[in-house]
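The values are calculated or read from the model by the stated rules, or taken from the named source; none is laboratory data. Being a predicted model, the structure only gives us computed values, none of them experimental. In this analysis, Cβ positions are derived from the backbone assuming ideal geometry, glycine residues included, and neighbour counts consider all displayed protein chains.
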């Protein structure tokens, strides 16, 4: 059997992640496509690395997300707690209606520092 069993079970990925360091002590993680249970373990691992590193606040931009499930939201909340344990924080940018509404209906706006732009997110992290 030449193919991996999971490759047959999991549809072709429509998930994209890009990261960039922005100034000293900031990382912007842009997430696009479908944010679901298949991507949540890799996101959790990356957030853990960033928290353990202890040098960065994290801005997560989900503006290009087409779908966000509860496992990913749980990953964001866990990342926020872990970053705070290391005296850093996370803010989420959602400037499009789907992503913003998803976070609003779950009541996570304050917990995840929901913002409408990266500039707003940077300002909230400074406070």
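Just so you know, in segment 29-48 the residues that are within 11 Å of the chain's Cα centre (by Cα) and farther than 20 Å from residue 81 by Cβ include one that is surrounded by the most Cβ atoms within 10 Å (Cβ to Cβ), and it is 30. Does residue 3 satisfy the condition of being closer than 25 Å to residue 110 by Cβ and either in a loop (DSSP other than H, G, I, E, B) or modelled with pLDDT of 95 or more (or both)? Taking the combined requirement at face value, the residue does not satisfy it. With respect to residue 58, is the statement that it is surrounded by 23 or more Cβ atoms within 10 Å (Cβ to Cβ) and closer than 18 Å to residue 15 by Cα true? For residue 58, the condition - surrounded by 23 or more Cβ atoms within 10 Å (Cβ to Cβ) and closer than 18 Å to residue 15 by Cα - is not met. So which residues in segment 89-121 are touching a helix residue (DSSP H, G or I) at 6+ places or on another chain (Cβ under 7 Å) and either closer than 11 Å to residue 58 by Cα or in contact (Cβ under 8 Å) with a residue 24 or more places away in the chain (or both), if there are any at all? 89, 90, 91, 92, 93, 94, 106, 108, 111, 112, 113, 115 - these are the residues of segment 89-121 that are touching a helix residue (DSSP H, G or I) at 6+ places or on another chain (Cβ under 7 Å) and either closer than 11 Å to residue 58 by Cα or in contact (Cβ under 8 Å) with a residue 24 or more places away in the chain (or both). Applying a threshold of 8 Å to beta carbon distances and a minimum spacing of six or more residues, or different chains, the list of pairs starting in segment 19-31 at a residue that is under 15 Å from residue 89 (Cα atoms) and ending at one that is assigned to a loop (DSSP other than H, G, I, E, B) and modelled with pLDDT of 95 or more is empty.
If residue 124 satisfies every condition in (1) out of contact with any strand residue (DSSP E or B) (no Cβ under 9 Å at 6 or more places or on another chain); (2) closer than 21 Å to residue 24 by Cβ but one, which is the exception? Going through (1) out of contact with any strand residue (DSSP E or B) (no Cβ under 9 Å at 6 or more places or on another chain); (2) closer than 21 Å to residue 24 by Cβ one by one, residue 124 breaks only (1).
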